[in-house]
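Read-outs throughout are calculated quantities, based only on the coordinates presented, and are distinct from any laboratory measurement. Fair warning: this is a prediction, and the values are worked out from it, not measured in the lab. FYI the Cβ positions are ideal-geometry reconstructions off the backbone, even for glycines, and counts take in every protein chain you see.
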Amino acid sequence: MTGTYGVAIFDGEVVNLRDLRLTTFSDGYFYGCGLFETMALEEGRPQFLERHLARLGRSLAALPAVKSPRAELLDLDSFLSTLSVALWRVGQTVGKSPSVVKVTSSDGHVLVTFRDSPPELPQWQAQGVGVDVVDYGSYRSGDVYVNHKTTSYIKSYSGIAASTLFANECGEICESSTANVFVRFSDRVVTPPLRSPCLPGIVREVLLEAGTLGGVPVVEEALPLEALRHAEGCFLTNSVSVAIPVTSLLNRALIESGPLAASARQRISRIERLESSCLSHVARKPAS
């Protein structure tokens with residue numbers, strides 16, 4: 001197994017990544033029968049950790065084919081305690097801190113690994129990306145498996161380079177290859193409903209709970225492809241990039257996307273700080 005950082009957490013124990021064996025994760029690796037969560041790390045603090053662990057728990061309950069780990073492995077306090085030890089060891093070994101943590105659950109185990117965020121991320125956030133490719137009919141409305149972040153990831157992975165938009169058989173936009181989609185119209189900001197289907201992203205969840213952005217409501221609503229002609233702005237959300245402006249949507253320039261995505265990042269940052277105030281975790285050297 002490879003990774004940017006050689007330290008990992010396996011079933012609550014800090015280990016060397018190279019010591020793990022592929023056979024331990026055979027269902028997840030060979031059959032895609034596993035789940036994962038990816039979080040940004042800020043000064044050793046995993047962003048929206050409680051929400052991510054809750055979503056993982058819901059997916060484990062909904063997909064019994066994925067063998068569930070021991071409950072204590074996904075306990076918030078235990079997770080934070082072990083993460084603190086692992087991040088201290090990473091700092092001692094590598095001399096810098098990772099910016100992304102990934103939690104994978106398969107075969108009844110929990111594996112936590114670390115990496116850096118994409119080096120292009122600041123540029124994407126500042127300058128935006130073009131989204132000009134649509135994969136028509138690649139999703140089927142009501143497909144519940146899309147509502148879970150599984151290790152069966154080839155469809156999403158294949159569309160990463162072009163930031164592909166996936167559409168269902170009704171011609172409705174569902175999501176991007178690695179992100180939820182938000183489109184600003186004159187009177188509302190729209191994101192597709194879960195039945196489209198799409199992943200219930202954490203940033204998506206927070207923005208829907210917040211209720212408004214840029215002075216207009218944020219709503220779940222079917223997003224027909226033809227409606228994009230009336231878009232005034234668009235951005236993509238996930239837990240690492242938070243909000244990336246789409247400055248070109250289907251070969252049409254959207255000048256409002258930059259300010260809209262910046263507003264979303266500011267809103268998410270404020271909410272995350274508020275939620276994390278109850279978590280005193282900061283990566284540190286463990287007590288001897």
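Quick notes on this structure:
- Nearest-0.05 FRET efficiency for GLU205 and SER78, computed from C-beta distance (R0 25 Å): 0.60
- For the chain, the longest principal axis of the Cα atoms and the long axis of helix 49-62 meet at an angle of about 90 degrees.
- About the Cα centre, charge dipole magnitude for region 34-112 (Lys/Arg +1, Asp/Glu -1 at Cβ), debye: 180 debye
- Placing +1 on each Lys and Arg Cβ and -1 on each Asp and Glu Cβ, with no other charges, gives the chain a dipole about its Cα centre of roughly 540 debye.
- In plain terms, the residue of GLU50, GLU172 with the fewest other Cβ atoms within 10 Å comes first and the most crowded comes last, giving GLU50, GLU172.
- Remark: spin-label model distance SER117-GLU50 equals 2.3 nm, labels positioned 7 Å along the Cα→Cβ axis.
- Entry note, region 121-274: relative contact order of 26 percent, from Cα contacts under 8 Å with a spacing of 6+ residues.
- In terms of its alpha-carbon gyration tensor, region 121-274 comes out rounded; the largest-to-smallest axis ratio a/c stays below the 1.5 threshold.
- Expected 222 nm ellipticity per residue - DSSP helices of 4 or more, -39500 (n - 2.57), all of the chain, to 500: -8500 deg cm²/dmol
- Inter-site label distance for ILE271 and ALA62 at 7 Å from Cα along Cβ, in nm: 1.8 nm
- Global form of region 128-211, assessed from the alpha-carbon gyration tensor, a/c cut-off 1.5: rounded
- Ranking VAL14, LEU207, VAL100 by Cα position along the charge dipole of the chain, where only Lys, Arg, Asp and Glu carry charges on their C-beta atoms, puts VAL14 farthest toward the positive end.
- Here LYS102 is the anchor, and the aspartates and glutamates within straight C-alpha reach of less than 12 Å, apart from those fewer than 8 places off in the same chain, are GLU37, ASP116.
- Region 7-115: C-alpha gyration tensor shape, a/c 1.5 cut-off, then a/b vs b/c: oblate
- Residues whose amide H comes within less than 5 Å of that of LYS149, counting only those at least five positions distant or on another chain, are PHE36 (H built at 1.01 Å from N in the peptide plane).
- Between the residues GLY128, ILE268, THR113, the greatest Cα displacement towards the positive end of the dipole of the chain, with unit charges on the Cβ of Lys, Arg, Asp and Glu, is found for THR113.
- Helix 76-94 axis, angle to the chain major axis (alpha carbon atoms, nearest 10°): 80 degrees
- Between VAL15 and ALA8, ILE9, PHE10, the built amide H atoms are under 5 Å apart, and every one of these is 5 or more places off in sequence or on another chain.
- Taking 0.36 nm per residue of separation and subtracting the Cα-Cα distance, full extension of the segment from SER248 to SER152 would add 31.6 nm.
- When only the Cβ of Lys, Arg, Asp and Glu is charged (+1, +1, -1, -1), the dipole of region 140-288 relative to its Cα centre reaches about 600 debye.
- Mean separation of Cα pairs under 8 Å and 6 or more residues apart, divided by the residue count, gives the chain a relative contact order of 20 percent.
- Estimated vicinal HN-Hα couplings, Hz - region 265-277 in sequence order (Karplus 6.51, -1.76, 1.60; Gly, Pro = x): 5, 5, 5, 4, 4, 5, 5, 5, 4, 5, 5, 7, 4
- Net length gained if the chain between ARG18 and SER141 were fully extended (0.36 nm per residue, minus Cα distance): 40.2 nm
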